[in-house]
Amino acid sequence: MAHLYPWLKLAHMALAATSVGLFTLRLLLWEWQGARPGGWLRVAPHVVDTALLLTGIALAVLWQLSPFALNWFGVKLLLVLLYIALGFAALRFSRSAAGRRAAGAAALLTVAAVAALARFKPF
Ligand code: HEM
């Protein structure tokens, strides 16, 4: 299994970048077009995010990381849940442009913290 690690990690990081890119694109298109973007932009993020989750689980299994430990990984998972909730708040449940922008900005800040925790593993 260990020989898969570099590829798994590369895939996970590429999927993470794609996920954030698609989310940002949906926020911007909604801003510019005044309507929620549909079509492939509604479907693709689910595929990417499922693959992101699966590669993350595979990495955690490889490193035998517990989701309940109070280290960078446990905190990262909590922040991933917050990112998902804020994403729903912005793209599905927002009732005004101001609410959508606030939730969208908070989601982007949260996912930046997720990436920083994963990169620097400070504790
Ligand atoms: C928004 C979601 C996510 C983002 C943006 C993200 C981002 C990243 C990034 C950038 C790295 C590489 C850090 C480095 O440079 O060393 C990483 C590593 C890792 N991620 Fe994620 N991730 C996300 C979700 C997940 C999930 C859901 C899991 C587990 C269920 C997970 C588990 C891991 C593990 C175990 C590593 C460590 C790999 C290593 O450093 O050897 N990630 N993540």
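We did not get these values from a lab; they are worked out from the coordinates using the rules stated. Keep in mind that what you see is a predicted model, and the values were worked out from it rather than measured. Cβ placement follows ideal geometry from the backbone for every residue including glycine, while neighbour counts extend to all protein chains displayed.
General remarks:
- The range 48-79 - residue that is aliphatic (A, V, I, L, M) and in contact with a Pro (Cβ under 8 Å, 6 or more places away or on another chain) and, of those, nearest to the ligand (Cβ to nearest atom): ALA60
- Candidate set from the range 2-49 (those that are part of a loop (DSSP other than H, G, I, E, B) and on the phi < 0 side of the Ramachandran plot); member that is surrounded by the most Cβ atoms within 10 Å (Cβ to Cβ): PRO37
Here is a yes/no grid of residues against (1) more than 8 Å from the ligand (Cβ to nearest atom); (2) of a type in the set (Asp, Glu); (3) touching a residue at least 24 places away in the same chain (Cβ under 8 Å):
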site	(1), (2), (3)
GLY87	yes, no, yes
ALA105	yes, no, no
ALA113	yes, no, yes
ALA118	no, no, yes
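- Annotation: of all residues in the range 88-110 being over 13 Å from LEU28 (Cα atoms) and not small (Gly, Ala, Ser), the one that is surrounded by the most Cβ atoms within 10 Å (Cβ to Cβ) is THR110.
- Among the residues listed as ALA58, ALA112, the single one being in a helix (DSSP H, G or I) and out of contact with any helix residue (DSSP H, G or I) (no Cβ under 7 Å at 6 or more places or on another chain): ALA112
- Residues in the range 73-115 that are within 25 Å of LEU10 (Cβ to Cβ) and aromatic (Phe, Trp, Tyr): PHE73, TYR83.
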